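Here's the structure, in structure tokens; my notes come after.
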Amino acid sequence: MSAQSSEGDHRGLNRDTEAALRRVRRIARLLDSQFTLPGTRFRFGWDGILGLFPGADWLTALPGLVILLEAWRARLPNQVLLLMAANIIIDALVGTIPVLGDLFDFAFKSNQRNAELFERGLELKGYRVRRTADPDDDVIDI
């Protein structure tokens, strides 16, 4: 999404919250849906790729914690924060299981889930959040 097209799309959001929403979406896209498998609609990101390496699941949880921090800074409801934390923990724990954890990393997409929770949390606070017009925005085909 270009900076031009995002201006004024999120009525009621202050500049900091709108910037946080863009950061959250960017992190989620990079970790969970940056790439597409040719000839399919299957999307994956760096979380799944790095999760193939032993111990990397805990490292990929760190950017997920940034999403949680952004939600806390935006003063989203505690229920939303708890669901986000649960997604991060589930992703990191199950991701440590050989083979099954690797498949889980590609399917669960905790960061994408948390980006959606972030948006819903803003809506619960009364903000109008525009969904991205192009879900493939900045997606790389491989």
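With 93, 59, 30 as the choices, which residue is at pLDDT 95 or above and more than 21 Å from residue 123 (Cα to Cα)?
Numbers: 93 fails: at pLDDT 95 or above; 59 fails: at pLDDT 95 or above.
Matching residue, one of 93, 59, 30: 30.
When the residues of region 71-87 are filtered to those that are more than 16 Å from residue 110 (Cβ to Cβ) and without any contact (Cβ under 8 Å) to a residue 12 or more places away in the chain, which remaining residue is surrounded by the most Cβ atoms within 10 Å (Cβ to Cβ)? Talk me through it step by step, then tell me what you get.
To start, the set of residues in region 71-87 that are more than 16 Å from residue 110 (Cβ to Cβ) comprises 72-79.
The next check asks that each one be without any contact (Cβ under 8 Å) to a residue 12 or more places away in the chain; those that pass are 72, 78-79.
Values: 72: 13, 78: 9, 79: 11.
It comes out as 72.
Keeping to region 28-70, report how many residues are surrounded by fewer than 22 Cβ atoms within 10 Å (Cβ to Cβ), among the β-branched types (Val, Ile, Thr) and under 30 Å from residue 16 (Cβ atoms).
1
Find all pairs meeting these conditions: Cβ atoms under 7 angstrom apart; at least six residues apart or on different chains; first residue within region 30-54 and free of Cβ contacts under 8 Å to residues at least 12 places away in the same chain; second residue surrounded by 21 or more Cβ atoms within 10 Å (Cβ to Cβ).
Once the first residue is free of Cβ contacts under 8 Å to residues at least 12 places away in the same chain and sits in region 30-54, its partners that are surrounded by 21 or more Cβ atoms within 10 Å (Cβ to Cβ) give 50/60.
Take residue 106 and tell me if it is of a type in the set (Phe, Trp, Tyr), closer than 16 Å to residue 27 by Cα and at pLDDT below 95.
Values: of a type in the set (Phe, Trp, Tyr): yes; closer than 16 Å to residue 27 by Cα: yes; at pLDDT below 95: yes.
Spelling it out, residue 106 is indeed of a type in the set (Phe, Trp, Tyr), closer than 16 Å to residue 27 by Cα and at pLDDT below 95.
(1) of a type in the set (Val, Ile, Thr); (2) under 24 Å from residue 12 (Cβ atoms); (3) under 14 Å from the mean Cα position of the chain (by Cα): which one isn't true of residue 60, the others all being true?
Of everything listed in (1) of a type in the set (Val, Ile, Thr); (2) under 24 Å from residue 12 (Cβ atoms); (3) under 14 Å from the mean Cα position of the chain (by Cα), residue 60 misses just condition (2).
How about region 98-107: which of its residues are aliphatic (A, V, I, L, M) and either touching a Ser or Thr at 6+ places or on another chain (Cβ under 7 Å) or loosely packed, with under 13 Cβ neighbours inside 10 Å (or both)?
99, 100, 107
The values are calculated or read from the model by the stated rules, or taken from the named source; none is laboratory data. Please read all numbers here as calculations on a predicted model, not as lab measurements. Because the Cβ atoms are built from the backbone with ideal geometry, glycine has one as well, and the counts that use them run over all protein chains shown.
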